[in-house]
1. Using θ = phi - 60° and the Karplus relation 6.51 cos²θ - 1.76 cosθ + 1.60, list the HN-Hα couplings for the range 4-14 in order, rounded to whole Hz, with x at every Gly or Pro.
2. Over the chain, what is the relative contact order in whole percent, taking alpha-carbon pairs under 8 Å and six or more residues apart?
3. Does the range 111-154 classify as rounded, prolate or oblate by the C-alpha gyration tensor (a ≥ b ≥ c root eigenvalues; a/c under 1.5 gives rounded; else a/b over b/c gives prolate, otherwise oblate)?
4. Assign one of three labels to the chain, namely rounded, prolate or oblate, based on the Cα gyration tensor with a ≥ b ≥ c the square roots of its eigenvalues; rounded applies when a/c is under 1.5, prolate when it is not and a/b is larger than b/c, and oblate otherwise.
5. Answer with one residue from 109, 138, 154: the one whose Cα lies farthest towards the positive end of the charge dipole of the range 107-155, charges on Cβ with Lys, Arg +1 and Asp, Glu -1.
6. Enumerate the amide H contacts of residue 148 below 5 Å, restricted to partners 5 or more residues apart or on another chain; note that Pro and chain-start residues carry no placed amide H.
7. For each of 161, 151, count neighbouring Cβ atoms within 10 Å of the residue's Cβ, then give the residues from fewest to most.
8. Can you tell me the length gained on complete extension of the stretch residue 138 to residue 53, counting 0.36 nm per residue apart and subtracting the Cα distance?
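Please treat every number below as a calculation from the coordinates, not as lab data. Only a predicted model underlies this, so the values are computations on that prediction, with no experimental measurement involved. Cβ: placed from backbone, ideal geometry, glycine included. Neighbour counts: every protein chain shown.
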Amino acid sequence: VTEHLLKILIIGDGNVGKSSFVHRYVNGQFNKTYKMTVGVDFSVKLLNWSEKEKVRLQLWDIAGQERFISMTRIYYKGALGCVVMFDVTSSSSFLNCRLWKQDLDNKAMLLNGDSIPCILLANKCDLTQRVVSADSINRFSKANGFVTWMETSVKENKNVEQAMRLATTPLPWW
Ligand code: GDP
């Protein structure tokens, strides 16, 4: 059995739902008070990709450093995929996705020189106070080189699995 290590980054402004997303995906739970322990860099989920191939998925959530909109290269190093998340009720978190994507592309790439495949997630789509339209997300996603985008609600467990499936499919070995 071969085990692949797969590092995926989850970036975006604070309070958009990144830790909740990771927690939901890895532990199958949503709780309002959940906060990732300070000092823990990543969560792990083991996937049985096939009889012979297992994937050790490392999800790197930037826990608490998001107001800088800039991470060290070390943090991005070795990532094979990325999720940029914003909150549909916050236009600033949406606008900042451009900066997050630029920061990533400036500091990291795949070994073959390609940019790291990145998907855009529009979280909290359960809320009615939405200020970012599907139309503008669609345009933005194309203009900024995202592989694709998707609406999620970590709260209602909508598209969490599907989003992670998308985030892990453009990758080299499958
Ligand atoms: P982070 O700072 O990006 O890691 O965001 P958190 O995971 O700490 O979430 C910030 C707040 O948004 C918390 O109060 C979460 O319970 C809430 N939240 C996360 N996802 C959703 C969602 O899909 N819908 C709603 N309504 N609230 C959410």
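1. Along the range 4-14, the couplings run 9, 9, 10, 9, 10, 9, 10, 10, x, 4, x Hz.
2. On the way: 316 pairs, mean separation 42.4, N = 174.
Normalised by residue count, the contact order of the chain is 24 percent.
3. On the way: a/c = 4.60, a/b = 2.02, b/c = 2.28.
Oblate, because a/c is 1.5 or more while a/b does not exceed b/c.
4. Working: a/c = 1.44, a/b = 1.23, b/c = 1.17.
Note, shape of the chain comes out rounded.
5. Positive-most Cα among the choices belongs to 154.
6. Those qualifying (amide H under 5 Å, at least 5 residues apart or on another chain) are 120.
7. Numbers: 161 12, 151 17.
Ascending number of Cβ neighbours within 10 Å: 161, 151.
8. Details: separation 85, 0.36 × 85 = 30.60 nm, distance 3.44 nm.
Taking residue 138 through residue 53 to full extension adds about 27.2 nm, to one decimal.
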